[in-house]
Amino acid sequence: MVRRLCYCFVVAVSLLALIVSVSNEARADNPASGKPAIFESVNRRDEAVWKVAREIWSLAEPGYQETKSSAILKEMLEGTGFRIESEIGGIPTAFTATVGSGKPVIGILGEFDALPGLSQAAVPYREPVKAGGYGHGCGHHLFGAASASAAIAIGEQIKTGTIKGTVRFYGCPAEEGGSAKVFMAQAGAFKDCDAVLHWHPGHVNTAGDRSTLARMAVKFRFHGKAAHAAAAPEQGRSALDAVALTNHAAELMREHTPDQSRIHHVITAGGRAPNVTPDFAEVYYYIRHPEGEVVRKLYERLVLCAKGGALATETRLEIRFEGGIREILPNNALSQVTLQNLREICDLEYNEAETNFALKLQATLDSPGPLSSIREIEDRSGTVGKGSTDVGDVSWQVPTTGFTTACWVPGTPAHSWQAVAAGGSSIGRKGLNLAARVMAASAWDLFTKSELLRDGKLEHERRIGDQAYRSLMVKGQKPSLDYRDPPKR
């Protein structure tokens, strides 16, 4: 009798252990089981996260100078138990914030730099807050805040033991021309990641297996000789003429470049008085193409244009290389995760005040889109975007995917005052909240379905093949921490 009772007890305990094990496995195989808690977490801090985003929007700090914006995000993350590591890659405003330990390690990218000349109030008509000042024309105030919110929601699940592994937020400065992620990657910041997620504000909702344009940036500085332009012109050597010849040569070069090449520039210094021969001038160039190696060759040809301009004008050329970034290496296995979550979660809808704001702002746009499009999802798999991002260099080192949510009025171009205005309004807030939920849900799927990470890694290895990652940075390149400063001789 005693033996039978002992036997029954052992069987009961075994069955109970089996039930618990099956229950845990079932939960892990059902990513949706933990998502309500994640969504509740994001929504619970919606007001606080929006306050952070608006503060960063108001600060509108330039690349590599986002001291206050970086500090605000670090404070929010540290306050929820994240371990902070500052000055990643020797960059003062770059940081990581980590919760958990062990595998898998899921990275979440965040940005927070603003653009020059786009200062704007959150109103549907042109009204700069500061004439000529900076503004968040690409919505990075939303990017950093939403990504941090998603990381915190996942971190809560790790701390309660619901999921195991590590979530790491990356505070990434100077995306707009500063290429900070390249230097962060070179410092080994992403080497232990199993996957990296990112998103970006836009005027539509998109996801899918999409690439971008690789880009190199350079400033050509010419040093000439000043003279009285009327009384002694023969004694002058115009640095501005050197810029003009460089630009003319570049225009002629365009005719003989591969399809999808993009070459554009601004003259950042050209003299201050017409009766003084300019002894200093500077022109700032971007070169883009879907393939990084093509960009490298175009850059070499552009340098010849600048050398020709200097030779013809008897000026001295100074080349300041501002960095290069690779195209995004797509990953369909991971992109399907974000695409599915975006489709399931998207609930964007304008209220009456937002509709009126949108209609007034659309009156200033060249190609406004239907307001109903904020509820639509575009699958952009297999396409190449016309922009560039230093996320590209991350994607060559670890499986990476991203998406966009409608934070601007449909038809709004990036890098415009209209994007700044919408990004500072409740329209931007709703896009932020949606992005945080999609990001958190996608991270949850990666934590709870190991086959997704396996498939993402296999695809990453297949796409790279035998072509080793090769940065577009020159050897020994350091971050140009002052690239947003006015030209200096």
Considering only segment 178-189, state which residues are surrounded by fewer than 24 Cβ atoms within 10 Å (Cβ to Cβ), in contact (Cβ under 8 Å) with a residue 24 or more places away in the chain and outside any helix (DSSP H, G or I).
187, 189
Scanning segment 358-385 residue by residue, the ones that are of a type in the set (S, T, N, Q), assigned to a helix (DSSP H, G or I) and in contact with a strand residue (DSSP E or B) (Cβ under 9 Å, 6 or more places away or on another chain) total 1
I'm trying to understand the selection: among the residues of segment 319-354, which are closer than 27 Å to residue 174 by Cβ and part of a loop (DSSP other than H, G, I, E, B)?
326, 327, 328, 329, 330, 331
Going through segment 383-405 in order, the residues found to be over 13 Å from the mean Cα position of the chain (by Cα) and modelled with pLDDT under 95 are 385, 386
For residue 357, which of the numbered conditions (1) farther than 30 Å from residue 240 by Cβ; (2) assigned by TED's automatic domain parsing to the domain that holds residue 288 fails to hold?
(2)
So how many residues does segment 57-101 have that are more than 16 Å from residue 484 (Cβ to Cβ) and part of a loop (DSSP other than H, G, I, E, B)?
6
Tell me yes or no: at least one residue of segment 202-213 is on the phi > 0 side of the Ramachandran plot, small (Gly, Ala, Ser) and touching a residue at least 40 places away in the same chain (Cβ under 8 Å).
yes
Looking at segment 158-175, can you tell me whether even one residue there is assigned to a helix (DSSP H, G or I), surrounded by fewer than 24 Cβ atoms within 10 Å (Cβ to Cβ) and touching a residue at least 24 places away in the same chain (Cβ under 8 Å)?
yes
Determine which member of the set 204, 196, 218, 243 is β-branched (Val, Ile, Thr) and closer than 19 Å to residue 313 by Cα.
243
Qualifying positions in segment 296-348 - within 30 Å of residue 475 (Cβ to Cβ), surrounded by fewer than 21 Cβ atoms within 10 Å (Cβ to Cβ) and basic (Lys, Arg):
296, 297, 301, 307, 316, 320
Would you check if there is a residue in segment 409-426 being surrounded by 18 or more Cβ atoms within 10 Å (Cβ to Cβ), closer than 30 Å to residue 37 by Cα, in contact with an Asp or Glu (Cβ under 7 Å, 6 or more places away or on another chain) and in contact (Cβ under 8 Å) with a residue 12 or more places away in the chain?
no
Boolean, residue 101 is in contact (Cβ under 8 Å) with a residue 12 or more places away in the chain, farther than 25 Å from residue 402 by Cβ, surrounded by fewer than 14 Cβ atoms within 10 Å (Cβ to Cβ) and of a type in the set (Ser, Thr, Tyr):
yes
Filtering helices (runs of 4 or more DSSP H) wholly in segment 392-489 for at least 1 residues that are within 17 Å of residue 334 (Cα to Cα) gives 426-448, 450-464
Going by what's in this entry, would residue 139 be described as at positive phi, at pLDDT 95 or above and under 16 Å from the mean Cα position of the chain (by Cα)?
yes
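For every residue, the table says whether it meets (1) in contact (Cβ under 8 Å) with a residue 60 or more places away in the chain; (2) under 24 Å from residue 422 (Cα atoms); (3) hydroxyl-bearing (Ser, Thr, Tyr); (4) not assigned by TED's automatic domain parsing to the domain that holds residue 414.
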site: 302; (1), (2), (3), (4): yes, no, no, yes
site: 317; (1), (2), (3), (4): yes, no, no, yes
site: 342; (1), (2), (3), (4): yes, yes, no, no
site: 346; (1), (2), (3), (4): yes, yes, no, no
site: 366; (1), (2), (3), (4): no, yes, no, no
site: 371; (1), (2), (3), (4): no, yes, no, no
site: 377; (1), (2), (3), (4): yes, yes, no, no
site: 386; (1), (2), (3), (4): yes, yes, no, no
Among the residues of segment 126-143, the number that are under 10 Å from residue 113 (Cβ atoms) and among the acidic types (Asp, Glu) is 0
Per the list (1) of a type outside the set (Phe, Trp, Tyr); (2) surrounded by fewer than 16 Cβ atoms within 10 Å (Cβ to Cβ); (3) farther than 19 Å from residue 192 by Cα, residue check on residue 440 breaks on (2)
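The values are calculated or read from the model by the stated rules, or taken from the named source; none is laboratory data. Treat the numbers as computed from the prediction; the structure is a model and nothing was measured. Counting neighbours? That spans all protein chains shown, and the Cβs are built from the backbone with ideal geometry, glycine included.
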